[in-house]
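Undergrad: Below are the structure tokens for one structure; questions will follow.
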Number of protein chains: 2
Amino acid sequence: MPTAATTTDRLRRLADAARDAGIDVVLVAPGPDLAYLVGHSVPSHERLTLLAVPVSAPHEAVMILPALERGGWEGSPAEVAGVRFVTWLDGEDPYAVLLSALDAGATAAGAAIGTVAVDDHLPYLHAFRLQQARPELRMRPAGELMSELRMRKQPAEVDELASVGAAIDRVHRRIGEWLRAGRTENEVAADIAAALVEEGHRTADFVIVASGPNGASPHHEAADRVIRAGDPVVVDIGGPNPAGYNSDSTRTYLVAGGEPDPEFARVHELVRTAQRAAVDAVRPGATAESIDRAAREVIEQAGYGEYFITRTGHGIGLEVHEHPYIVAGNTRQLEPGMAFSIEPGIYLPGRFGVRIEDIVVVGDDGARLMNTSPIGLLVV
Amino acid sequence: MPTAATTTDRLRRLADAARDAGIDVVLVAPGPDLAYLVGHSVPSHERLTLLAVPVSAPHEAVMILPALERGGWEGSPAEVAGVRFVTWLDGEDPYAVLLSALDAGATAAGAAIGTVAVDDHLPYLHAFRLQQARPELRMRPAGELMSELRMRKQPAEVDELASVGAAIDRVHRRIGEWLRAGRTENEVAADIAAALVEEGHRTADFVIVASGPNGASPHHEAADRVIRAGDPVVVDIGGPNPAGYNSDSTRTYLVAGGEPDPEFARVHELVRTAQRAAVDAVRPGATAESIDRAAREVIEQAGYGEYFITRTGHGIGLEVHEHPYIVAGNTRQLEPGMAFSIEPGIYLPGRFGVRIEDIVVVGDDGARLMNTSPIGLLVV
């Protein structure tokens, strides 16, 4: 949870970057961007809530919010950092309230509001109504500004990722309690969801249990399929900790007995080798796409290239998917503090899939693994 | 879960309404609108996923989605109903893929795409990029079209609301297992969250445990405050069932012992009376604002009007908050099948709050209650 000093610092860094991009005000919506800046967010319902950060005076940021939400911000880092709260009541026009707060701030600074950067996550309806309320307002996405800020994790953020990584590792280590032949994927997934919360997640955000042929679809979740002896089972799970930082880790297990696909052991070993090759390639200055390439080369050389149908990874933090993306074409150079998944996979349609996924943080010399549960083949 | 026939029917009704509104295509984003139409949604990550419904030919609806998500839709009602799937790969421009699918459909129908209705929930970034890809496209919010469809629940939807209502009632009936002096709000909330899932919710979407003075803030969630003997405690909880329909029910309990605020019992009784007055006022043809008025009059006449700082309720279904809103100024007439909360409250700053909330569905003769746990004062 950021302190008021963190909030002040992050608002200032956002304003510096926005000024260089020709922006007058940044409008931040409930969600990960707001949580990052002020350490607190709210569910984004139909009532407009926005943090307006004037680039010329970030310490005069204004939070527009429904009156009934005001209490939830008492004593928050935002309040301590001096954010001003402007509330509106059911029945009032929140867009007019927002614009008049912006105009007041601009006039006080001897400026005018011309160009605003709008949070990528803001629901379209709100953006439409704001544009309608002032047609001459120039609006553009704030995503790049925000991701530049959020991409390099500060030490306290790395601690959060390590702690939630350890929590998901504890769940994987308990897989034998739940995963066995004769149960449905949904039954296993329900038990895992409960364990995610028991082990320290705020919620079970996603629980993929993909057995047998279902594993060949990378984003299959869980279904009524009864798991059989000899099935490979992809278990890809994660969620946020109380501070909002996410875990995301995949292991592919084999259910004991039956007659496993004769190719499975070889494919599992190959994915494991590819995953470690990518982890080993991580260092400051390496490009994001070079990490993808390191994993892909191993799989292509073994003749399975056409079955590795996803990118190798995605950034992670306050969102499960964020920058940087570990994908061909992303020439961005890695820097210390960047956090992302490394999750190569091989997906054989109609048969099975194998995916192994860890979160890493770029350190001065290489990858620091946030996950340490065994990646070798585990028969349960 | 809608069947293919439900999907076909809902797409047709959406197209009929959109045609009357001068729309050529409706773009539906992951979330409640998509779940309503095709019985299946996906998490809305950064990759563009949209259902495009051409008004002239709703049976030719096209789903634009990332290739790796295609597997999750196999055998879905959308596929059975004939929705066409157009996939794009990481690295491709999904907006170009979307526009060319739209143009192909329009050309086949001898028309052109001029005006699109865009899902209220679509993240701003996607709307911005689509507009950028075709500046002459006229875009407007689809929210009203969708809410007109979703507002009147069909019998199968009422069954879902009744079933998830019974699940949240079971949690409230177990409150004595967790709520007692000496525990923090957060500890109690964690236990309740686990019970929500045990009793049949897919996730614990919100768990408000607001003790003593924290109860005076309607949207306080839960904090480190230690609950004391004699505290009133507002417990407002809910979440989606596996089909996506939400529960939302509030009870205000009193912790045994200590010295309760001398006004508490009277205020609790007053809120209870107001809540039942509003429930009794529900019938087809009554306006939404008349239900608000029925509750507010009871509280105003007792001299507490200024402490009833919220609207009386909100619609509920695939979203926790949706139309119709039970609020002054909403002259919409109630119709059979409309579902909403009735949740008057009294909030005394620095002291405590009381809120009592049930979900009702409008029946032919009056309200059908989805919640039946006792609303009388329970001392735990």
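Undergrad: Residues B:16, B:33: which one is among the charged types (D, E, K, R) and either free of Cβ contacts under 8 Å to residues at least 24 places away in the same chain or not assigned by TED's automatic domain parsing to the domain that holds residue B:97 (or both)?
TA: Within the list B:16, B:33, the selection yields B:16.
Undergrad: Here is a list: A:346, A:359, A:342. Which entry is within 14 Å of chain B (Cβ to nearest Cβ) and either among the acidic types (Asp, Glu) or touching a residue at least 40 places away in the same chain (Cβ under 8 Å) (or both)?
TA: Values: A:359 fails: within 14 Å of chain B (Cβ to nearest Cβ); A:342 fails: within 14 Å of chain B (Cβ to nearest Cβ).
Being within 14 Å of chain B (Cβ to nearest Cβ) and either among the acidic types (Asp, Glu) or touching a residue at least 40 places away in the same chain (Cβ under 8 Å) (or both) holds for just one of A:346, A:359, A:342, which is A:346.
Undergrad: Hey, among A:256, A:274, A:243, which residue is in a helix (DSSP H, G or I) and in contact (Cβ under 8 Å) with a residue 12 or more places away in the chain?
TA: Of A:256, A:274, A:243, the one residue that is in a helix (DSSP H, G or I) and in contact (Cβ under 8 Å) with a residue 12 or more places away in the chain is A:274.
Undergrad: Determine, yes or no, whether residue A:200 is in contact (Cβ under 8 Å) with a residue 40 or more places away in the chain, in contact with a Ser or Thr (Cβ under 8 Å, 6 or more places away or on another chain), surrounded by fewer than 19 Cβ atoms within 10 Å (Cβ to Cβ) and under 17 Å from residue A:249 (Cα atoms).
TA: On the way: in contact (Cβ under 8 Å) with a residue 40 or more places away in the chain: yes; in contact with a Ser or Thr (Cβ under 8 Å, 6 or more places away or on another chain): yes; surrounded by fewer than 19 Cβ atoms within 10 Å (Cβ to Cβ): yes; under 17 Å from residue A:249 (Cα atoms): yes.
Spelling it out, residue A:200 is indeed in contact (Cβ under 8 Å) with a residue 40 or more places away in the chain, in contact with a Ser or Thr (Cβ under 8 Å, 6 or more places away or on another chain), surrounded by fewer than 19 Cβ atoms within 10 Å (Cβ to Cβ) and under 17 Å from residue A:249 (Cα atoms).
Undergrad: Do you know which residues across the stretch B:38-59 are of a type in the set (A, V, I, L, M, F, W, C) and either without any contact (Cβ under 8 Å) to a residue 40 or more places away in the chain or surrounded by fewer than 20 Cβ atoms within 10 Å (Cβ to Cβ) (or both)?
TA: Within the stretch B:38-59, B:42, B:51, B:57 qualify.
Undergrad: Separate question: For the stretch B:214-240, which residues satisfy the criterion of being within 14 Å of chain A (Cβ to nearest Cβ) and either polar (S, T, N, Q) or in a loop (DSSP other than H, G, I, E, B) (or both)?
TA: Across the stretch B:214-240, the qualifying residues are B:214, B:217, B:218, B:219, B:220, B:221, B:222, B:223, B:224, B:225, B:239.
Undergrad: All but one of (1) away from chain A (no Cβ under 14 Å); (2) farther than 29 Å from residue A:347 by Cβ; (3) part of a loop (DSSP other than H, G, I, E, B); (4) not β-branched (Val, Ile, Thr) hold for residue B:82, so report the exception by its number.
TA: Among (1) away from chain A (no Cβ under 14 Å); (2) farther than 29 Å from residue A:347 by Cβ; (3) part of a loop (DSSP other than H, G, I, E, B); (4) not β-branched (Val, Ile, Thr), the lone unmet condition for residue B:82 is (2).
Undergrad: Checking residue B:198 against (1) within 20 Å of residue B:177 (Cα to Cα); (2) within 12 Å of chain A (Cβ to nearest Cβ); (3) in contact with a strand residue (DSSP E or B) (Cβ under 7 Å, 6 or more places away or on another chain); (4) of a type in the set (Asp, Glu): exactly one of these is not met. Which one?
TA: Failed condition: (3).
Undergrad: Take residue A:108 and tell me if it is surrounded by fewer than 18 Cβ atoms within 10 Å (Cβ to Cβ), at pLDDT below 95 and either under 30 Å from residue B:309 (Cβ atoms) or not hydroxyl-bearing (Ser, Thr, Tyr) (or both).
TA: Considered against the rule, which asks whether it is surrounded by fewer than 18 Cβ atoms within 10 Å (Cβ to Cβ), at pLDDT below 95 and either under 30 Å from residue B:309 (Cβ atoms) or not hydroxyl-bearing (Ser, Thr, Tyr) (or both), residue A:108 comes out as yes.
Undergrad: Pick from the stretch B:40-75 the residues that are closer than 15 Å to residue B:4 by Cβ and part of a loop (DSSP other than H, G, I, E, B): which of them is nearest to the other protein chains (Cβ to nearest Cβ)?
TA: By that ranking, first place goes to B:74.
Undergrad: Could you please let me know if residue A:210 is buried (at least 21 other Cβ atoms within 10 Å of the Cβ) and in the same structural domain as residue A:161 (by TED's automatic domain parsing)? First the steps, then the outcome.
TA: Values: buried (at least 21 other Cβ atoms within 10 Å of the Cβ): yes; in the same structural domain as residue A:161 (by TED's automatic domain parsing): yes.
Taking the combined requirement at face value, the residue satisfies it.
Undergrad: Is it the case that the stretch A:184-191 has a residue that's within 11 Å of another protein chain (Cβ to nearest Cβ), crowded, with 18+ Cβ neighbours inside 10 Å and under 23 Å from residue B:73 (Cα atoms)?
TA: yes
Undergrad: What's the number of the condition residue A:361 fails, among (1) part of a strand (DSSP E or B); (2) closer than 21 Å to residue A:209 by Cβ; (3) not acidic (Asp, Glu)?
TA: (2)
Undergrad: Residues in the stretch A:85-102 that are over 17 Å from residue A:29 (Cα atoms) and within 14 Å of chain B (Cβ to nearest Cβ): how many?
TA: 5
Undergrad: Going residue by residue through the stretch B:314-334, is there one that turns out to be under 17 Å from residue B:280 (Cβ atoms), touching a Pro at 6+ places or on another chain (Cβ under 9 Å) and not aliphatic (A, V, I, L, M)?
TA: no
Undergrad: Can you tell me which residue within the stretch B:129-150, out of those that are buried (at least 19 other Cβ atoms within 10 Å of the Cβ) and assigned to a helix (DSSP H, G or I), is farthest from the chain's Cα centre (by Cα)?
TA: Ranking the qualifying residues of the stretch B:129-150, first place goes to B:130.
Undergrad: Within the stretch B:133-166, can you find the residues that are closer than 27 Å to residue A:144 by Cα, in contact with a helix residue (DSSP H, G or I) (Cβ under 8 Å, 6 or more places away or on another chain) and either touching a residue at least 60 places away in the same chain (Cβ under 8 Å) or within 14 Å of chain A (Cβ to nearest Cβ) (or both)?
TA: B:133, B:137, B:139, B:140, B:141
Undergrad: Keeping to the stretch B:309-325, report how many residues are in a loop (DSSP other than H, G, I, E, B), under 8 Å from the mean Cα position of the chain (by Cα) and of a type in the set (D, E, K, R).
TA: Of the residues in that region, 1 qualify.
Undergrad: Quick check: anything in the stretch A:342-364 within 23 Å of residue A:147 (Cβ to Cβ) and surrounded by fewer than 17 Cβ atoms within 10 Å (Cβ to Cβ)?
TA: Within the stretch A:342-364, one or more residues are within 23 Å of residue A:147 (Cβ to Cβ) and surrounded by fewer than 17 Cβ atoms within 10 Å (Cβ to Cβ).
Undergrad: Oh, and also: Any chance you could count how many residues in the stretch B:1-33 are within 17 Å of residue B:151 (Cβ to Cβ) and within 16 Å of the chain's Cα centre (by Cα)?
TA: 3
Undergrad: Is there a residue in the stretch A:330-349 that is β-branched (Val, Ile, Thr) and under 19 Å from residue B:69 (Cβ atoms)?
TA: Looking through the stretch A:330-349, at least one residue is β-branched (Val, Ile, Thr) and under 19 Å from residue B:69 (Cβ atoms).
Undergrad: Name the residues in the stretch A:1-33 that are within 14 Å of chain B (Cβ to nearest Cβ) and at pLDDT 90 or above, would you?
TA: Hits for the stretch A:1-33 are A:26, A:27, A:28, A:29, A:30, A:31, A:32, A:33.
Yes/no per residue for (1) in contact (Cβ under 8 Å) with a residue 60 or more places away in the chain; (2) surrounded by 18 or more Cβ atoms within 10 Å (Cβ to Cβ); (3) touching a strand residue (DSSP E or B) at 6+ places or on another chain (Cβ under 7 Å):
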site: B:284; (1), (2), (3): yes, no, yes
site: B:288; (1), (2), (3): no, yes, yes
site: B:301; (1), (2), (3): no, no, no
site: B:307; (1), (2), (3): no, no, yes
site: B:328; (1), (2), (3): no, no, no
site: B:333; (1), (2), (3): no, no, yes
site: B:338; (1), (2), (3): yes, yes, yes
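Undergrad: On to the next question. Say whether the condition of being closer than 30 Å to residue A:188 by Cβ and in the same structural domain as residue B:245 (by TED's automatic domain parsing) is met by at least one residue in the stretch B:222-235. Can you show your working first?
TA: Of the stretch B:222-235, the ones closer than 30 Å to residue A:188 by Cβ are B:222.
Checking which are in the same structural domain as residue B:245 (by TED's automatic domain parsing) leaves us with B:222.
Scanning the stretch B:222-235 turns up at least one residue that is closer than 30 Å to residue A:188 by Cβ and in the same structural domain as residue B:245 (by TED's automatic domain parsing).
Undergrad: Can I ask one more? For the condition in a loop (DSSP other than H, G, I, E, B), within 17 Å of residue A:36 (Cβ to Cβ), in the same structural domain as residue A:48 (by TED's automatic domain parsing) and among the acidic types (Asp, Glu), what is the one hit in A:90, A:120?
TA: Every option except A:120 fails the conditions.
Undergrad: Sticking with this one: Just to be sure, is residue B:367 within 22 Å of the chain's Cα centre (by Cα), at pLDDT 95 or above and more than 14 Å from chain A (Cβ to nearest Cβ)? Spell out the reasoning first.
TA: Details: within 22 Å of the chain's Cα centre (by Cα): yes; at pLDDT 95 or above: yes; more than 14 Å from chain A (Cβ to nearest Cβ): yes.
Taking the combined requirement at face value, the residue satisfies it.
Condition check ((1) of a type outside the set (D, E, K, R); (2) surrounded by fewer than 19 Cβ atoms within 10 Å (Cβ to Cβ)) across all residues:
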| site | (1), (2) |
| --- | --- |
| B:152 | no, yes |
| B:160 | no, no |
| B:169 | no, no |
| B:195 | yes, no |
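The values are calculated or read from the model by the stated rules, or taken from the named source; none is laboratory data. Computed from a predicted model, the values in this text were never measured in an experiment. Ideal geometry is used to build each Cβ from the backbone, glycine not excepted, and the neighbour counts take in all protein chains shown.
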